1. Step by step: first the residues of segment 49-73, then only those that are in contact with a Gly (Cβ under 9 Å, 6 or more places away or on another chain) and of a type outside the set (D, E, K, R), then the one that is surrounded by the fewest Cβ atoms within 10 Å (Cβ to Cβ). Which residue is that?
2. In this structure, is Ala83 over 13 Å from the mean Cα position of the chain (by Cα), closer than 24 Å to Ser194 by Cβ, surrounded by fewer than 21 Cβ atoms within 10 Å (Cβ to Cβ) and of a type in the set (A, V, I, L, M)?
3. Condition check: under 28 Å from Ile55 (Cα atoms), of a type in the set (Asp, Glu), more than 16 Å from the ligand (Cβ to nearest atom) and more than 13 Å from the chain's Cα centre (by Cα). Does Glu134 satisfy that?
4. Identify the single condition in (1) crowded, with 17+ Cβ neighbours inside 10 Å; (2) within 16 Å of Cys51 (Cα to Cα); (3) without any contact (Cβ under 8 Å) to a residue 60 or more places away in the chain that Ile116 does not satisfy, given that it satisfies every other one.
5. Working only within segment 80-108, note down all residues that are more than 6 Å from the ligand (Cβ to nearest atom), under 13 Å from Lys121 (Cβ atoms) and assigned to a loop (DSSP other than H, G, I, E, B).
6. Which condition breaks for Leu65 when tested against (1) modelled with pLDDT under 95; (2) within 16 Å of the ligand (Cβ to nearest atom)?
7. Name the pairs: first residue in segment 156-180 and free of Cβ contacts under 8 Å to residues at least 40 places away in the same chain, second residue buried (at least 20 other Cβ atoms within 10 Å of the Cβ) and among the small types (Gly, Ala, Ser), Cβ to Cβ under 6 Å, at least 6 apart or on different chains?
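The values are calculated or read from the model by the stated rules, or taken from the named source; none is laboratory data. Every value quoted in this text rests on a predicted model; they were computed, and no experiment measured them. Virtual Cβ from ideal backbone geometry, glycine too; neighbours counted across all protein chains shown.
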Amino acid sequence: MEKRLHKFLSNKEKRIEILKLSGVKDVITNKITPTQKRDYLDEIYEKYKDCQRCILAEKRNNFVLGEGDADANIMFVGEGPGAQEDKTGRPFVGKAGKLFTKMLSAIDLSRQDVYITNIVKCRPPKNRDPRADEIKACLPFLYQQIKIIKPNLICALGKVAGNTLLEKQTSLSNLRNSIFTFQNTDLMVTYHPSALLYHPNWKRPAWEDLKKLRDKYL
Ligand code: URA
């Protein structure tokens, strides 16, 4: 798009333009029903499950789009699938996922009440952090998911998810304890469940974050 024209577009129009340029077509702009939301998410899966946009496609077994309520108020965004997720095609089902599921139930939520996804949809080898080019290739899917689901809150799990969505490069402690805005949606950042497996003393502050989430959004 010409720079001259770009200047006159609203932020929303610019985002739509970026999605189109990234190759994600059928950008959704109007109000849609829960059933339509589910159908759109299924369509994205069917259309992109064999995605070859980055090197992660080479070794993956499954493109893990996400799961849960297509009309959820709260959307959780992790980093990327691990071994179990790659094997099953479902997000957060391994060791960290089991802890995450327990954390949800501590605030009376089940996995079916929320939507769960990741920044990248294919497993990075040896669970390394996703690289900038992989994130860039994959982000249009997450943007589409957010646009379809329209949650009231996005809860980023860990530094990678928080920094990616907020376009920052900072520590988790600088990201926690604030409500940010991402495309008109509230966004908070808390610990990644894997980090809690290695640092059980972080479970208490993670619980404080969850209570804030519960009190404001449930
Ligand atoms: N870690 C993540 O970030 N996402 C998953 O789906 C599983 C583990």
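1. If we take residues in segment 49-73 being in contact with a Gly (Cβ under 9 Å, 6 or more places away or on another chain) and of a type outside the set (D, E, K, R), then Asn61 is surrounded by the fewest Cβ atoms within 10 Å (Cβ to Cβ).
2. The answer is yes for Ala83.
3. no
4. (2)
5. Gly89, Arg90
6. The single condition Leu65 does not satisfy is (1).
7. Gly162/Ala156; Leu175/Gly162
Let's see how each residue does on (1) in contact with a helix residue (DSSP H, G or I) (Cβ under 7 Å, 6 or more places away or on another chain); (2) assigned to a strand (DSSP E or B):
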residue	(1), (2)
Ala156	yes, yes
Val160	no, no
Thr164	yes, no
Asn174	no, no
Asn177	no, no
Val189	yes, yes
Ser194	yes, no
Trp202	yes, no
